[in-house]
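These notes are about the structure you will find just below.
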Amino acid sequence: MEQDAEFAARQKRLLALLKEARANAFVTTALPNVRYLSGFSGSNAALLVTPDRSILFTDPRYGTQAAMESGCELKIAKGPLTKELVKSAHRMRLKSIAFEQNRISFEGYQQIREEGQGIRLKATIGAVEKLRATKSPQEIALIRSSVELNSEALKRALQHFRQSMTELDLAAELEYRMRQLGADGKAFETIVASGPRSALPHARPTLNPIQWHQLLLVDMGATVAGYASDMTRTHAVGQPSPKARRMYRAVLESQLAAIDAVRPGVSCTKVDRIARDVLRRHGLDKLFVHSTGHGLGLEIHEEPRIGRKERTKLEPGMVVTIEPGVYAEGIGGVRIEDTVVVTARGSEILTPTGKELVVL
């Protein structure tokens, strides 16, 4: 029951964070937060947490699964979960409930407000996300497994690479290898972009053939036991142009400098600035159009964000991506991304895949 103790400890830390809200209980309907606080991984759930009880609400499809995954008290609702939740709140004589204003749907909020006459609703934002930003050793182990599986999937997929492949062919091969290796599934829509399309940071794979003597950008992530991985590698199909090689060297230098800056006490904005400063020296900073990285865990984008105005200071246990990129319209793009964990004295790169420019 070590796992149940971990979830109970998370709930206790959450309630301590919410003391300022002066609420008798906390409710979340956000599935990643429900999973973080209870262990339940189904697609329909709400969780009510008080200092004395934690009640998980779901529907009849998940009765057996919820009992297996979570040690919380279980309520199976045949109608809207929020309606059953408010009934329990009335029975428990709760006077106030804190809710997540950035996570609950307007419909869900309306249902709680209308059914919960006499219960004060107190809006909060980011309380669970603040807890999730710093990972436990168990969470880091799961992220490491996800990252390693993701890298192996890329390695195996590229062993089947052939010149006649389309972008969609390669994306399908990558996702197949993830599943074959035991992933829950992909963490996000796999990006495979060839030639000038690699200058689109979030390009969707198409039926276009992968182009010869061009750059090929692959951004992929797997999910293992609920935890995401994220990696980008840029390859050359045939011999790349001198300009493409210069872009690659600049992005690699930028990425390595940013990773070197990752350590406890360093602000996220400083890491971002270091990445941009390197690209500025190469005259490429104007082609860097997104943030340097983001946290990841039960979701592919979590706190903290590694960006220009992010004052958050890194702490041991935070897991972030470092992914500078440059995108030249009509030529192509280069992005290199690793997953990095902040350690007590610095950082550790979890991504095992090499970063030399591979020519396919």
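The values are calculated or read from the model by the stated rules, or taken from the named source; none is laboratory data. Since the structure is predicted, the reported quantities are computational estimates derived from the model, not experimental observations. Here the Cβ is made from the backbone with ideal geometry for all residues, glycine too, and neighbour counts use every protein chain on show.
Scanning the stretch 298-332 for residues that are in a strand (DSSP E or B) and surrounded by fewer than 16 Cβ atoms within 10 Å (Cβ to Cβ) gives a single hit, LYS313. Return a yes/no flag: does the stretch 336-343 have any residue that is in contact (Cβ under 8 Å) with a residue 12 or more places away in the chain and under 20 Å from PRO242 (Cβ atoms). Yes - at least one qualifying residue is present in the stretch 336-343. Does LYS87 satisfy the criteria of being out of contact with any Phe, Trp or Tyr (no Cβ under 8 Å at 6 or more places or on another chain), outside the structural domain of THR223 (by TED's automatic domain parsing), surrounded by fewer than 20 Cβ atoms within 10 Å (Cβ to Cβ) and over 16 Å from ALA30 (Cβ atoms)? So LYS87 passes the test. Here PHE106 fulfils each of the conditions (1) in contact with a Gly (Cβ under 9 Å, 6 or more places away or on another chain); (2) more than 21 Å from GLU299 (Cα to Cα) apart from (1). Given the criteria among the basic types (Lys, Arg) and assigned to a helix (DSSP H, G or I), does LYS155 qualify? It is true that LYS155 is among the basic types (Lys, Arg) and assigned to a helix (DSSP H, G or I). Among the candidates LEU174, LEU168, the residue that is under 21 Å from ASN208 (Cα atoms), touching a residue at least 40 places away in the same chain (Cβ under 8 Å), part of a helix (DSSP H, G or I) and not acidic (Asp, Glu) is uniquely LEU174.
Remark: PRO264 matches the filter, which requires a residue to be surrounded by fewer than 20 Cβ atoms within 10 Å (Cβ to Cβ), in contact with a Leu (Cβ under 9 Å, 6 or more places away or on another chain) and in the same structural domain as VAL341 (by TED's automatic domain parsing).
Looking across THR269, THR232, one residue alone is β-branched (Val, Ile, Thr) and under 26 Å from VAL128 (Cβ atoms). It is THR269. For ASP184, indicate whether it is in the same structural domain as VAL289 (by TED's automatic domain parsing), within 21 Å of the chain's Cα centre (by Cα) and farther than 26 Å from LEU284 by Cβ. Yes.
Here's the yes/no breakdown for (1) in the same structural domain as ILE112 (by TED's automatic domain parsing); (2) closer than 24 Å to PRO60 by Cα; (3) touching a Lys or Arg at 6+ places or on another chain (Cβ under 8 Å):
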| position | (1), (2), (3) |
| --- | --- |
| ALA9 | yes, no, no |
| LEU15 | yes, no, no |
| THR29 | yes, yes, yes |
| ALA45 | yes, yes, no |
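Residues that are in contact (Cβ under 8 Å) with a residue 24 or more places away in the chain and more than 21 Å from the chain's Cα centre (by Cα) number at least 2 in the following helices (runs of 4 or more DSSP H) confined to the stretch 1-104: 2-17, 63-69, 81-91.
Right, ALA244: more than 17 Å from GLY330 (Cβ to Cβ) and not aromatic (Phe, Trp, Tyr) or not? For ALA244, the condition - more than 17 Å from GLY330 (Cβ to Cβ) and not aromatic (Phe, Trp, Tyr) - is not met.
Has the stretch 136-150 got any residue that is within 29 Å of LEU357 (Cα to Cα) and touching a Lys or Arg at 6+ places or on another chain (Cβ under 8 Å)? Yes, the conditions are met somewhere in the stretch 136-150. Checked against (1) touching a residue at least 24 places away in the same chain (Cβ under 8 Å); (2) closer than 21 Å to ILE191 by Cα, GLY354 meets all criteria but (1).
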